[in-house]
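A.B. asks: Below is a structure I'd like to ask you about.
Please treat every number below as a calculation from the coordinates, not as lab data. Since we're looking at a predicted model, the values are computed, not measured. Virtual Cβ from ideal backbone geometry, glycine too; neighbours counted across all protein chains shown.
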Amino acid sequence: MNVYFCGMIGTGKTTLGQRLADDLSMPFYDLDQEMNKRLGYSFHRLVAEEGWLAFRELEYYICKFFSQRNNSIICLGGGTVRYDWNVDVLKESGRLILLEASIEELVHRVSQADRPRVNKGTTIEEDISLMWKQSKNKYYTAADYVFRTDEKNIEEEVDELKDLLQSNPLFQGLQVNHSG
Ligand SMILES: Nc1ncnc2c1ncn2[C@@H]1O[C@H](COP(=O)(O)OP(=O)(O)OP(=O)(O)O)[C@@H](O)[C@H]1O
Ligand SMILES: O=C(O)C1=C[C@@H](O)[C@@H](O)[C@H](O)C1
Ligand SMILES: [Mg+2]
């Protein structure tokens, strides 16, 4: 069984996933970074040159590939669970933790310049708001557990998440380092 972190851009998937994996001595994979490794350049360039369809195809392939891992912490792309074909693969191989934070907080966290827009011609704020309005049901439907990341600091969140993985029956079967 794997633990998947999903959620919109800036919710803290990479930050919290990496911290948790380090503390629990579990393998960690970030699918945006894995995509960059396979491409040999940033996925931002893929989107700019070939469009979102090319990105979504590669994302699906990478989801299938990493779902073969076991006992790993895997951060998904911000949009991965908006697509049912990814969710089907992920649900068979682990539990999904949805990270959420207010739109205002997300806009404050992410940098304006270097983000490919899902909704063409929008500002980052418009893009994030529209994605959430149109797709929040997809995020909640995919989630086995929902965790807010705009009410506590990172240390407190990591501690709570460690506790969740170590003692919640939802994650029974996961081999976690209980001294971590
Ligand atoms: N309470 C908090 N919880 C999580 N992250 C926080 C918190 N407060 C501030 N941050 C900051 O918010 C940012 C979250 O970015 P991160 O790259 O982890 O998100 P992400 O979900 O992986 O985004 P993306 O989909 O763009 O990869 C980090 O810079 C982190 O330090
Ligand atoms: O919302 C999305 O579709 C995306 C979010 C990012 O994490 C990246 O995965 C990429 O920019 C796609
Ligand atoms: Mg990330």
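A.B. asks: What is the helix-to-structure angle for 13-24, meaning the angle in degrees between its Cα long axis and the longest Cα principal axis of the chain, kept from 0 to 90 and rounded to the nearest 10?
C.D. replies: 20 degrees
A.B. asks: When N is the residue count of the chain, what does its C-alpha Rg come to as a fraction of 2.2 N^0.38 Å? List each step's numbers first, then the result.
C.D. replies: Values: Rg = 15.7 Å, N = 180, 2.2 N^0.38 = 15.8 Å.
In units of the 2.2 N^0.38 Å rule of thumb, it is 0.99.
A.B. asks: Another question about this same structure. Report, to the nearest 10°, how far helix 124-142 tilts away from the longest principal axis of the Cα atoms in the chain, using its own Cα long axis and a range of 0 to 90°.
C.D. replies: Roughly 40 degrees between the two axes.
A.B. asks: Can you run the Rg to Rh ratio on the range 92-141? Use alpha carbon positions and the Kirkwood inverse-distance Rh.
C.D. replies: Working: Rg = 12.5 Å, Rh = 12.2 Å.
Here the Rg-to-Rh quotient is 1.02.
A.B. asks: How many times 2.2 N^0.38 Å is the alpha carbon radius of gyration of the range 1-47?
C.D. replies: Values: Rg = 12.0 Å, N = 47, 2.2 N^0.38 = 9.5 Å.
Ratio of Rg to 2.2 N^0.38 Å for the range 1-47: 1.26.
A.B. asks: With no solvent and one point per C-alpha, what does the Debye sum give as log10 I(q)/I(0) for the range 9-84 at q = 0.15, 0.17, 0.24, 0.26 Å⁻¹?
C.D. replies: Listed by q, the Debye log ratios stand at -0.52, -0.67, -1.20, -1.32.
A.B. asks: Continuing with this model, one more query. Put a dot 7 Å past each Cα toward the Cβ at LYS91 and ASN71; how far apart are the dots in nm?
C.D. replies: Distance between label points: 2.7 nm.
A.B. asks: Of LYS37/LYS91; LYS13/LYS152; LYS13/LYS37; LYS37/LYS64; LYS138/LYS162; LYS64/LYS120, which sit over 21 Å apart, Cα to Cα?
C.D. replies: Details: LYS37/LYS91 25 Å; LYS13/LYS152 15 Å; LYS13/LYS37 18 Å; LYS37/LYS64 16 Å; LYS138/LYS162 26 Å; LYS64/LYS120 28 Å.
Over 21 Å Cα-Cα: LYS37/LYS91; LYS138/LYS162; LYS64/LYS120.
A.B. asks: Please work out the Cα center distance from the range 7-30 to the range 93-158, rounded to the nearest Å.
C.D. replies: 15 Å
A.B. asks: Taking the alpha carbon gyration tensor of the range 102-180, what are the square roots of 5 times its eigenvalues, largest first, to the nearest whole Å?
C.D. replies: Numbers: eigenvalues 196, 51, 22 Å².
Gyration-tensor ellipsoid for the range 102-180: 31, 16, 11 Å.
A.B. asks: Further, regarding this structure: In nanometres, what is the gap between the two model label sites at ALA54 and ASN177, each 7 Å from Cα along Cα-to-Cβ?
C.D. replies: My value for the distance between the label points is 4.0 nm.
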